[in-house]
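Take a look at the structure below.
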Amino acid sequence: MTPPAAGPSLARDEPSPDSEDTFQPNPADRRGTSPADVALGLQARINSMQAGKLDSRRLPTVPALARILPGGGLQSGGSYSVRNSTFLAMALLAGPSATGAWCSVIGMPDFSVEAAQGFGINLERLILVPDPGPQWLTVTAALVDVVSIVLTRSPEHLAPTEWARLKARLRQRGAALITLGNWKQSDSTIGVAESAWEGLGSGTGHLRARSMKITATQPSGRLRHAYVGLADLQGTPAGAALRGTALPPHLQHGTPGTASGTLFEPRLMKSS
Amino acid sequence: MTPDPPTGPPGTAPATRTLMFWCPDWPITAALREHALPAETALVLVDRGEVFACSPAARQDGVKRGLRIREAQARSTGLVSLPYDPALDERTFEPVTAAVEAILPGVQVVRPGLCAVRAQGPSRYYGGERNAADVVLQTLAAIGLTDVRVGIADGPFAAEQAARATDQLDDDEQLVVIPPGGSPWFLASYPLEVLGQPRLAVLLRRLGIRTLGDFAALRASDVRNRFGIEGAIAHRQARGLDHRSVVARTPPPHLDAVADFEPPLARIDQLAFALRTRAGEFVDALREAGLVCTVLHVSLHTESGETSERRWQHPRWFDADDVVDRVRWQLQGTNASDHGLTSGITRVHLVPDIVEDLGDHADGLWGTGPDEGIHHGLARVQSMLGHGAVLTAVIAGGRLLADRRVYIPWGDAPAGQQTAKVPVKDRNQPWPGRLPGPAPATVFADPVPAVVVDANGNPVDVDTRGLLSADPAFFSAGPDDGRRPVHSWAGPWPINERWWDPKGRVLNRFQLVDHSGSAWLLLLEDHAWWVEAGYD
């Protein structure tokens, strides 16, 4: 009994519906019309366009993600929000961790270290602070000082001044901040728009591989997306360079995955 | 043998005149004191499955050294057995040595329970060897050691035998003095075993030599030619010409620190403030001795007599702030068993458990690299949130995903080492029932209740034979999750964990994928569904 490999959600058309959530072309339009709000909105927009221009240094990134991230990879000093996938967040941590950087996970008691190790994250250099309590900002700031990359739940509320200070610290220390969940203040938002699991039937098999359509917002506001398999994300930054968005071999000849060959051709599209 | 021999053969006495004091069954005394057991307990100390030492009560029941533990338990009902800990002997003997050093300089600890002192100085100061020995006995009686034996003879070997010879006296005499030059005569009747060289003893017995006297009667040059240097040394000992002299130890500097508080302190911040200076002195004293402390033992005493003790490790070494932090964390407690203190703190005792050379831990000229920065940053977070809030993780063995992840507080020993608190199961062992395929990214620390129903809305269940009641059609992962249609699924995968144990669990595992392409791992236990993990 072979189930259809791809979920029906894959049939949806571009552009991705999440573009509205993650990007506001002009925040001042949405807020109140008072001059202060307009100034704040414009300032935010200037900041977002300025971020990571000249002084940016790139952190090693998994190639499958490097293609769609703004600037061609994780920027040191950058902030990224991963909308809905811990796998994606782990893939972002994996690149720096494989080159010996220290990583930190704050406020995520459910983070699976076993999966993290599967992504090539070095557990000896992974610091977990599952419960920072009300001191989220202090703890995050303290860890930004010492580790290269910080993964955290997006805070419920962060005042613009606090965020500006944290951002300055990120830039000064050359660290990157990845938040899990929708967070509009980040430089770029990455998310899984569509996903299909393979290997599972109705009562048979087990989960083997996953194909995903990943989207990332650019500073210009456009969305970029790529079709990747879970195994592409787990590749090391150096070794997986050639495979890019190609499907891993075990998907190409597996019986449940035959349908996916046409759906997930290696391609990279830009949408406006 | 008589305790007061006639004057021995006149001659030169090249061996050092030695006063040896001996506390019989020191490992037993130490263990009784450490575990606060009554003196008449039938106690044995066990080393590798055999009796290493036994208390007088146990000995009366027929227990002796070298018995297997089962045999000893058969001979003496109500036997208390504890593992033998050499470090405990050393530690508890230290106050004894210190007490004797206060009255007699130059004590050599031969082993815990047995000490040698040069007799010449004390006997002149106290007016005779017997007087000096009496002073030692009184001093030790004052710290609670009444059963101490003293032997005075030429050389440490003869003095030790003299101290042991007190056992063979009828009365409660605790002292045997062999006059100068009397050692060969005193030793002559001893068997060869006391030399501590079993192979030599066997060989000599085959040659017809049965006592030290017989051995001493041989010519020194013959012994040396036949038995080599070891034989020659044993021969000198048998003749009472002990080559060893007493090498006094240098008393170690006092590195531990005590802070007493009067009135008792009830608040942690008060204590931290009051302790700061003392902790600074503690660290400075270590540094002056050229040492740094890497493992610290903190004991806290309260007004009502409670004690809280804990051993703290440090990834690098303790400075004053770290010490204060550890005391604070010990009071705040990382779990319920830690804080049982009900009254104010009267005394804090800081003992450096392991010290290392400062040179091994010195900072380089430009710092020791990035890891030092990491450590400082994490120590800051730890001082904000507590010791157990900053963790590293290792993957252990187990069937359930939550079992496979073991957290270790930053600074504690990595798992797998002997000092680690939590024994980590080996992940390389076969774990039947573990999850195939990619590991889920989210493993819920506390399983989330879930609902799984079939197409008619009835709950899905698995019977005792492992048969599914109906195919799952809809599920919701979590109490405030909407109803998701099942796109594909697999299961039930039974897990029967520790069926022999009442606390073992019988579970069924399912993988479910919903129509939006997200996958979940669900558990069915006792007709209730739980979300174990999510593949998000």
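The values are calculated or read from the model by the stated rules, or taken from the named source; none is laboratory data. Nothing here was measured: the structure is a model prediction, and the numbers come from that model. Note: ideal-geometry Cβ built from the backbone for every residue, glycine included; neighbour counts use all protein chains shown.
Would you check which residues across the stretch B:246-269 are assigned to a loop (DSSP other than H, G, I, E, B) and closer than 17 Å to B:V283 by Cα and list them?
From the stretch B:246-269, those assigned to a loop (DSSP other than H, G, I, E, B) are B:246-256, B:266-267; that's our starting set.
Passing the criteria: B:P252, B:P253, B:H254, B:L255, B:D256.
When the stretch B:368-405 is examined, which residues are found to be aliphatic (A, V, I, L, M), more than 9 Å from chain A (Cβ to nearest Cβ) and either surrounded by fewer than 18 Cβ atoms within 10 Å (Cβ to Cβ) or over 18 Å from A:I106 (Cβ atoms) (or both)? Step through it out loud before you land on a result.
Pass one, the stretch B:368-405, residues aliphatic (A, V, I, L, M): B:374, B:378-379, B:381, B:384-385, B:389-391, B:393-396, B:400-402.
If we keep only those that are more than 9 Å from chain A (Cβ to nearest Cβ) as well, we get B:379, B:396, B:400, B:402.
Answer for the stretch B:368-405, where residues must be aliphatic (A, V, I, L, M), more than 9 Å from chain A (Cβ to nearest Cβ) and either surrounded by fewer than 18 Cβ atoms within 10 Å (Cβ to Cβ) or over 18 Å from A:I106 (Cβ atoms) (or both): B:A396, B:L400, B:A402.
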Residues of the stretch B:59-98 being farther than 19 Å from B:P251 by Cβ and touching a Gly at 6+ places or on another chain (Cβ under 8 Å), in sequence order, are B:R68, B:I69, B:R75, B:S76
Filter result for the condition that a residue is modelled with pLDDT under 90 and in a helix (DSSP H, G or I), over B:G144, B:G121 = B:G121
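Look through the stretch B:286-311, keep the residues that are free of Cβ contacts under 8 Å to residues at least 24 places away in the same chain and under 22 Å from the mean Cα position of the chain (by Cα), and return whichever of them is farthest from B:Q382 (Cα to Cα). Give the derivation first.
Applying the first criterion (free of Cβ contacts under 8 Å to residues at least 24 places away in the same chain) to the stretch B:286-311 yields B:288, B:305, B:307, B:309.
Cutting the leftovers down to under 22 Å from the mean Cα position of the chain (by Cα) gives us B:307, B:309.
Working: B:T307: 24, B:E309: 20 Å.
Once the filter is applied, the top-ranked residue is B:T307.
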Can you name the residue in the stretch B:470-483 that is modelled with pLDDT of 90 or more and within 13 Å of chain A (Cβ to nearest Cβ) and, of all such residues, is nearest to the chain's Cα centre (by Cα)?
-> B:P472
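Out of A:G181, A:G191, I need the residue that is at pLDDT 90 or above, more than 7 Å from chain B (Cβ to nearest Cβ) and closer than 18 Å to A:F87 by Cβ. Which one? Show your work before the answer.
Numbers: A:G181 fails: at pLDDT 90 or above.
Step by step, each of A:G181, A:G191 is checked, and only A:G191 is at pLDDT 90 or above, more than 7 Å from chain B (Cβ to nearest Cβ) and closer than 18 Å to A:F87 by Cβ.
Those residues that are on the phi > 0 side of the Ramachandran plot and either modelled with pLDDT under 90 or at the interface with chain B (Cβ under 9 Å from one of its Cβ atoms) (or both), I need them from the stretch A:97-119; list them, please. First the steps, then the outcome.
Of the stretch A:97-119, the ones on the phi > 0 side of the Ramachandran plot are A:100, A:107.
Within the stretch A:97-119, just A:G100 meets the criteria.
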Hits in the stretch B:175-218 - residues which are in contact (Cβ under 8 Å) with a residue 40 or more places away in the chain and part of a loop (DSSP other than H, G, I, E, B) | B:I178, B:P179, B:P180, B:G181, B:G182, B:S189
Does A:E114 count as of a type in the set (D, E) and free of Cβ contacts under 8 Å to residues at least 24 places away in the same chain?
-> yes
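Mind counting the residues in the stretch B:433-448 that are in contact (Cβ under 8 Å) with a residue 60 or more places away in the chain and farther than 22 Å from A:R153 by Cα?
Taking the stretch B:433-448 and keeping what is in contact (Cβ under 8 Å) with a residue 60 or more places away in the chain, we get B:433, B:435, B:438, B:440-444, B:447-448.
Checking the rest, the ones that are also farther than 22 Å from A:R153 by Cα come to B:433, B:435, B:438.
Total meeting the criteria: 3.
Just one of B:V513, B:V506 is more than 10 Å from chain A (Cβ to nearest Cβ) and not basic (K, R); which is it?
The unique qualifying residue is B:V506.
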Counting only residues that are of a type outside the set (A, V, I, L, M, F, W, C) and either within 14 Å of chain A (Cβ to nearest Cβ) or within 50 Å of the chain's Cα centre (by Cα) (or both), how many does the stretch B:438-462 have?
-> 7
Subset of the stretch A:82-94 (residues that are more than 7 Å from chain B (Cβ to nearest Cβ) and over 13 Å from A:D232 (Cβ atoms)) = A:V82, A:R83, A:A89, A:L92, A:L93
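Is there a residue in the stretch A:153-160 that is within 18 Å of the chain's Cα centre (by Cα) and without any contact (Cβ under 8 Å) to a residue 12 or more places away in the chain?
Here is the first cut: in the stretch A:153-160, the ones within 18 Å of the chain's Cα centre (by Cα) are A:153-155.
Restricting the remaining residues to those that are without any contact (Cβ under 8 Å) to a residue 12 or more places away in the chain gives none.
No: zero hits.
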